[in-house]
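First up is the structure itself, then whatever we jot down about it.
Throughout, read-outs are computed from the coordinates displayed, never taken from laboratory work. What you see is a predicted model, and the numbers here were worked out from it, not measured in a lab. Here the Cβ is made from the backbone with ideal geometry for all residues, glycine too, and neighbour counts use every protein chain on show.
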């Protein structure tokens, strides 16, 4: 998976590749899907949610340009896989999930893996986690109707936000950076994610 799906596509950062080698992806999917855990595809994890395709997780992580001393926010804990990857790359990871069942399952698994620099929170990820802000990086694993202002506000100077933006179907993966108090952004590629639910995401009756 690391060699063929990530490195071969041009993501060559050694710390990134090492993190993917350390995290056992098959533990983050159901037992009946473990034979597909390292395939180049997303997989369902229940409650209408998915664990993203390995390359997309790697791409979004790489876009943060992490140095190792950051505090980062992972919006949409899901299975906990993204948080586990980040735990091997930064000082501190805060991960927030809105679905209680997924939150409880992911928190238990991350504790079993003894990832002591990961802090899981239950709540509305569209508004971030003010209690630990500011963040050097924020990565969002669900599509917002527009970039949440609360997440931008919780970036530290020079911090980066990676977020899919758009409606059902194909969205645009956006990269934002805070530079001297100004937010600059660019569109990276087309992606397909589940909706971001919450105050600055999609409502229950939308999508």
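For the range 1-37, the residues whose backbone nitrogen is under 13 Å from a point 7 Å from the Cα of residue 44, taken along Cα to Cβ, are 30, 32-33. Approximating the spin labels as points 7 Å out from Cα along Cα→Cβ, the residue 32-to-residue 67 distance works out to 4.7 nm.
Kindly state, to the nearest 0.05, the FRET efficiency for residue 156 paired with residue 188, given R0 = 22 Å and r defined as their beta-carbon distance. List each step's numbers first, then the result.
Details: r = 21 Å, r/R0 = 0.96.
E between residue 156 and residue 188, to the nearest 0.05, is 0.55.
Relative contact order for the chain: what is it in percent, counting Cα pairs under 8 Å that are at least 6 residues apart? Please report the intermediate quantities before stating the final value.
Working: 443 pairs, mean separation 31.6, N = 207.
This gives 15 percent for the chain.
Highest GNM mean-square fluctuation among 145, 100, 195, for the chain modelled with Cα contacts below 10 Å: 100. Entry note, the chain: the mean residue ellipticity at 222 nm calculated from DSSP H runs of n ≥ 4, each adding -39500 (n - 2.57), is -6000 deg cm²/dmol after division by the residues and rounding to the nearest 500. Give me the one-decimal Kirkwood hydrodynamic radius in Å for the range 55-191, with the sum taken over alpha-carbon pairs. Value: 14.7 Å, from the Cα pair sum.
How much length is gained if the chain between residue 117 and residue 205 is pulled fully straight, taking 0.36 nm per residue apart and subtracting their Cα-Cα distance, in nm to one decimal? Intermediate values should be presented prior to the final figure.
Details: separation 88, 0.36 × 88 = 31.68 nm, distance 3.58 nm.
The span from residue 117 to residue 205 would gain 28.1 nm if fully extended.
Each peptide in 90-99, 117-126 was scored by the mean count of other Cβ atoms within 10 Å over its residues; highest first, the order is 90-99, 117-126. Start at zero, step by 5 Å, and the Cα-Cα distances of the range 37-103 spread as 4, 17, 27, 24, 17, 9, 2 percent across the bins. Between residue 22 and residue 146, the distance separating the two model label sites (each 7 Å from Cα on the Cα→Cβ line) works out to 3.9 nm.
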